[in-house]
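The values are calculated or read from the model by the stated rules, or taken from the named source; none is laboratory data. As the structure is a prediction and not an experimental result, all values here were calculated from the model. Here the Cβ positions follow ideal geometry from the backbone for every residue, glycine too, while neighbour counts run over all protein chains shown.
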Amino acid sequence: MRQKDRMEILNYREYSTAGAPLLILHGLFGSHSNWGMHSNFFSSFFRVIGVDLRNHGASPHYDAQDYEAMATDIHELLDFLAIDRCCMIGHSMGGKVAMQLALNSPNMIDRLIVVDISPVTYPARAGGHLEMIDAMRGLELAIFKSREEVDSALVPFISDQSTRQFMLTNLVRADSGFKWRLNLRAIKENYDSLRLAPDAKSKFMGRVLFLNGELSRYVIDDHHAQIHSYFPNAEFETIADAGHWLHSEQPLRFQKAVKNFLEIQD
């Protein structure tokens, strides 16, 4: 694989430089900064690297967005950082990226933590991500003077305040006022690819923890057979009183589960 230069590599932040490498991959519409609290916490034990996936955060924009391409991005980042092997945490879309990399290049992954996602194809749902993308793309951002005005304009389309606040983390200042740093066009055009299961060329025989929220439906018992077909040594743990955003809703329980799986000693 050709060594890429810095401008071609995904945006990342190293939270520490000592210890074994631990990469953290965010979910759809997120960025590495959403995981800053956990990245700082685990930096006491690992060389933590937070990553912006393609078309997200400050990473390059591309027309394509599928799990093979995103797994290749991570492989190239690891090569750029001279990392031969690492642990990895991936949430939602980032979890599928991490699974694809583990299936493609099993020797690169020591232990894998997949947060609230399964290696299955999920159905599209009404009132979901595509509608939010259309609402965001439909705003004429040049007319807004403040983030609060943009927030108010999104209320008819995204009624949940916490969801709006999460999406607004992608609103940044531009010469004309504001812009979305997400590549919303590419995400929409590739959305069907993002719903798909990873492409299993082989099995990953290493240790994998599937960590899900009790109130979430992204990982259910019916998925276990397919999970084991890809990851025969998969382990499962459920975080009580948490949904899809279990790392935000129950951060201490999340950290405890990760510490136990990675055998972190205080």
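Just checking, which of Leu139, Leu194, Leu171 is among the hydrophobic types (A, V, I, L, M, F, W, C), under 20 Å from the mean Cα position of the chain (by Cα) and over 30 Å from Thr238 (Cα atoms)?
Details: Leu139 fails: under 20 Å from the mean Cα position of the chain (by Cα); Leu194 fails: over 30 Å from Thr238 (Cα atoms).
Being among the hydrophobic types (A, V, I, L, M, F, W, C), under 20 Å from the mean Cα position of the chain (by Cα) and over 30 Å from Thr238 (Cα atoms) holds for just one of Leu139, Leu194, Leu171, which is Leu171.
Can you name the number of the only condition in (1) in contact (Cβ under 8 Å) with a residue 24 or more places away in the chain; (2) surrounded by 16 or more Cβ atoms within 10 Å (Cβ to Cβ) that Thr169 fails?
Unmet condition: (2).
Taking into account only those residues within region 32-51 that are part of a strand (DSSP E or B) and either outside the structural domain of Ala82 (by TED's automatic domain parsing) or without any contact (Cβ under 8 Å) to a residue 40 or more places away in the chain (or both), which is nearest to the chain's Cα centre (by Cα)?
First pass over region 32-51, keeping only residues part of a strand (DSSP E or B): 47-51.
Subsequent filtering for residues that are either outside the structural domain of Ala82 (by TED's automatic domain parsing) or without any contact (Cβ under 8 Å) to a residue 40 or more places away in the chain (or both) retains 47-50.
Working: Arg47: 18, Val48: 15, Ile49: 13, Gly50: 10 Å.
Among those residues, the one meeting the criterion is Gly50.
May I ask you to list the residues in region 48-91 that are among the β-branched types (Val, Ile, Thr) and surrounded by fewer than 16 Cβ atoms within 10 Å (Cβ to Cβ)?
The first filter runs over region 48-91 and keeps only residues among the β-branched types (Val, Ile, Thr), leaving 48-49, 51, 72, 74, 83, 89.
Answer for region 48-91, where residues must be among the β-branched types (Val, Ile, Thr) and surrounded by fewer than 16 Cβ atoms within 10 Å (Cβ to Cβ): just Ile83.
If only one of Leu130, Leu196 is surrounded by fewer than 18 Cβ atoms within 10 Å (Cβ to Cβ), in contact with a Ser or Thr (Cβ under 6 Å, 6 or more places away or on another chain) and either of a type in the set (S, T, N, Q) or more than 23 Å from His247 (Cβ to Cβ) (or both), which one is it? Give the derivation first.
Details: Leu130 fails: in contact with a Ser or Thr (Cβ under 6 Å, 6 or more places away or on another chain).
Selected residue: Leu196, the only one of Leu130, Leu196 that is surrounded by fewer than 18 Cβ atoms within 10 Å (Cβ to Cβ), in contact with a Ser or Thr (Cβ under 6 Å, 6 or more places away or on another chain) and either of a type in the set (S, T, N, Q) or more than 23 Å from His247 (Cβ to Cβ) (or both).
If you go through region 224-252, how many residues are within 21 Å of Ala124 (Cα to Cα) and crowded, with 17+ Cβ neighbours inside 10 Å?
4
With a cut-off of at least 1 residues that are acidic (Asp, Glu) and modelled with pLDDT under 95, name the helices (runs of 4 or more DSSP H) lying wholly within region 52-154. First the steps, then the outcome.
Details: elements: 67-80, 93-104, 129-137, 147-154.
Passing ranges, in order: 129-137.
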